[in-house]
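The values are calculated or read from the model by the stated rules, or taken from the named source; none is laboratory data. Owing to the predicted nature of the structure, the values given are computational and were not obtained by experimental measurement. We place every Cβ from the backbone using ideal geometry, glycine too, and count neighbours over all the protein chains shown. These area figures cover heavy atoms from the full protein model, side chains too; ligands, DNA and RNA do not enter into them. Shrake-Rupley method; radii C 1.70, N 1.55, O 1.52, S 1.80 Å.
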Amino acid sequence: MNELIERISICVERGKVNKTSPYPKDLAGQDGADELTRQALDSNLGPDSILQACNVGMMKIGERFGRNEVFVPELLMAAKAMNAVMAHLKPFFKAGTVKAKGKFLLGTVAGDLHDIGKNLVSMVVEGNGWQVIDLGVDVKPGKFIEKIKENPDCIVGLSALLTTTMASMSKTVKEIKEQFPNIKIIVGGAPLSHKAAEQMGADGYAPDPQGAVEFLNEFIAA
Amino acid sequence: MSLLLSQTEIEKNIFEVVINFSNLQIDKKEIESSLGYPEDMIPNHFSELIDEIISELPDKCKIKAGYCLAEINKQKEKKDGLTIADKFFNMDRLVTAQIKKSELAALFVCTIGNVMENWSRQLLTNGDPATAFLVDTVASITVESVTDLLHDFIGDEMKKRNLNITNRYSPGYCNWPVSEQQLLFSFFPQNFCGIILTDSSLMIPIKSVSGVIGIGANVKRKDYVCDQCGMKDCTYRAVRSRLKSI
Ligand code: B12
């Protein structure tokens with residue numbers, strides 16, 4: 001692997017955003033994902049290979065998360081570094097030179113206003129190369145349906161904080177599945193479980209953002 | 001130890017309690033473990049960020065707390081639950097077993113306001129999710145610490161009347177449906193402590209806690225019966241380990 005590319009991958013994994021960012025301590029003062037991506041593009045390394053490097057970085061941090069060696073904060077730092085890379089790659093996405101892995105339509109269900117968990121999921125999923133369409137909080141089933149019509153190739157993510165709003169989640173899943181039986185839905189939030197997800201007819205459940213990424217990776221657009 | 005807190009009776013049997021930030025004890029170890037880190041494993045960077053966030057707390061926490069005292073109806077109920085004043089609460093035996101010997105109930109709420117939440121959201125919008133997450137976690141631990149303090153305070157007040165208190169229980173825990181928040185809030189005046197309850201039983205600000213404490217001559221505050229419940233990361237397990245470590 002090209003040295004620059006390899007360093008980008010390490011920066012993503014370690015959450016090193018840019019030169020001035022103090023995290024992680026042992027990389028203080030060194031170039032971060034931001035500077036290295038610029039350099040890589042300037043030396044004509046293609047966006048594809050840069051993205052590939054990011055994927056490796058995100059995968060490695062995800063694996064370490066799975067082994068309980070790192071925790072949500074490290075995962076979020078990696079996502080932040082990844083977003084620094086993405087800022088440079090935006091033009092290539094716009095031009096269609098590179099493609100997102102797919103679309104993730106995410107929202108907190110009707111009656112629920114809790115958003116921090118959902119936002120963290122959004123950040124990490126985006127960092128993993130997906131286009132995230134965030135519908136915000138208190139999203140009625142009709143709104144999801146409308147957006148699915150506009151993005152028929154999306155995967156849907158629903159979030160809820162309380163058991164009371166899980167009922168609203170269940171209703172949302174049913175309404176979506178009635179109209180779009182093939183749309184995949186993953187649910188999450190504190191009161192959810194695999195069992196609850198199954199009972200409401202969702203296709204998946206994950207307790208954390210990394211789990212959402214692993215679920216999504218099974219459906220990467222060809 | 002008696003606490004330096006004070007209360008005002010704003011309506012008959014409804015009290016607002018003044019809690020200053022200086023009354024609180026924020027346990028950094030608890031924050032770290034709630035983030036998932038085993039002891040002393042948190043990277044320095046995050047540990048320092050937590051210190052900075054804690055130093056902002058006095059400015060950013062708008063603490064409000066209060067409770068309502070109401071009589072517990074001792075008539076035998078046909079199903080599990082408890083009648084407080086004339087309202088039937090659909091509580092599990094896990095809860096009623098602890099409270100049923102009480103003569104009175106203190107229905108309480110407390111909050112740290114929405115400044116911390118908004119700060120966290122702002123950080124996220126500005127592309128700093130890790131700090132946003134830390135702020136959110138510190139805020140959660142802080143409101144739990146406010147709840148501990150309110151609980152102790154109610155205990156002290158009741159001691160003045162020669163009464164004891166039980167553990168506290170919250171809708172949404174120990175099989176007590178969270179929808180019963182509606183009933184609990186019906187004991188309070190509108191907008192009590194600045195908290196609004198939505199139709200879906202969510203309290204706004206998010207960093208708020210509600211619950212009930214039993215009061216009587218023959219009750220006591222004892223260990224939570226967590227062994228009878230499968231939930232591993234429940235707040236009462238945390239309370240229990242806090243009490244044990246004192
Ligand atoms: C900390 C905490 C609190 C704090 C802060 C609450 C908050 N969320 O900000 C305080 C002390 C204020 C609190 C209060 C209450 N709580 Co509370 N609380 C918790 C606790 C321990 C952690 C929740 C949390 O904030 N996690 C951190 C955030 C960032 O995580 P998150 O939002 O869950 O999101 C993560 C994942 O869920 C996931 N995720 C989220 N969305 C999505 C979506 C998708 C698609 C995917 C894949 C993943 C995903 O990824 C996120 C990042 O890791 C949970 C138990 C638990 N271990 O989960 C109970 C819990 C959420 N609380 C519960 C209850 C009942 C309450 C109260 C009603 C109690 C009361 N009567 O006072 C109140 C309600 C508050 C309100 N505003 O109405 C219940 C809710 C279930 C229920 N019975 O309805 C829980 C589940 C505990 C339990 N009994 O099992 N609580």
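Checking the stated criteria, A:G111 turns out not to satisfy the condition of being small (G, A, S), open to solvent by less than 20 Å² (accessible area, probe 1.4 Å) and on the phi > 0 side of the Ramachandran plot. Taking the criterion of being of a type in the set (K, R) and in a helix (DSSP H, G or I), the residues of region B:1-34 that qualify are B:K28, B:K29.
Across region B:104-145, the qualifying residues are those that are within 14 Å of chain A (Cβ to nearest Cβ) and small (G, A, S), and the one among them that is farthest from the ligand (Cβ to nearest atom) is B:G127. Here B:Q25 fulfils each of the conditions (1) within 18 Å of B:F192 (Cβ to Cβ); (2) open to solvent by 30 Å² or more (accessible area, probe 1.4 Å); (3) in contact with a Ser or Thr (Cβ under 9 Å, 6 or more places away or on another chain) apart from (1). Taking the conditions (1) part of a loop (DSSP other than H, G, I, E, B); (2) within 12 Å of the ligand (Cβ to nearest atom); (3) open to solvent by less than 60 Å² (accessible area, probe 1.4 Å) in turn, A:P207 satisfies each one other than (3). Helices (runs of 4 or more DSSP H) fully within region B:100-196 that include at least 1 residues being open to solvent by less than 20 Å² (accessible area, probe 1.4 Å) and in contact with a Lys or Arg (Cβ under 7 Å, 6 or more places away or on another chain): B:115-125, B:129-160. Just so you know, in region A:147-196 the residues that are in a strand (DSSP E or B) and more than 30 Å from B:V209 (Cβ to Cβ) include one that is farthest from the ligand (Cβ to nearest atom), and it is A:C154. Looking at this structure, is A:N128 more than 12 Å from the ligand (Cβ to nearest atom) and either in contact (Cβ under 8 Å) with a residue 40 or more places away in the chain or open to solvent by less than 20 Å² (accessible area, probe 1.4 Å) (or both)? Yes, satisfied. Out of B:K60, B:K74, B:K78, B:K64, one residue alone is open to solvent by 60 Å² or more (accessible area, probe 1.4 Å) and within 16 Å of the ligand (Cβ to nearest atom). It is B:K64. Among residues of region A:1-15 that are part of a loop (DSSP other than H, G, I, E, B), those with a beta-carbon under 7 Å from a residue that is not aromatic (F, W, Y) at least six positions away or on a different chain give the pairs A:N2/A:L45; A:G15/A:P24; A:G15/A:E74; A:G15/A:M77; A:G15/A:A78; A:G15/A:K80; A:G15/A:A81.
Of all the criteria given as (1) more than 9 Å from chain B (Cβ to nearest Cβ); (2) in contact with a Ser or Thr (Cβ under 8 Å, 6 or more places away or on another chain), the one not satisfied by A:H114 is (1).
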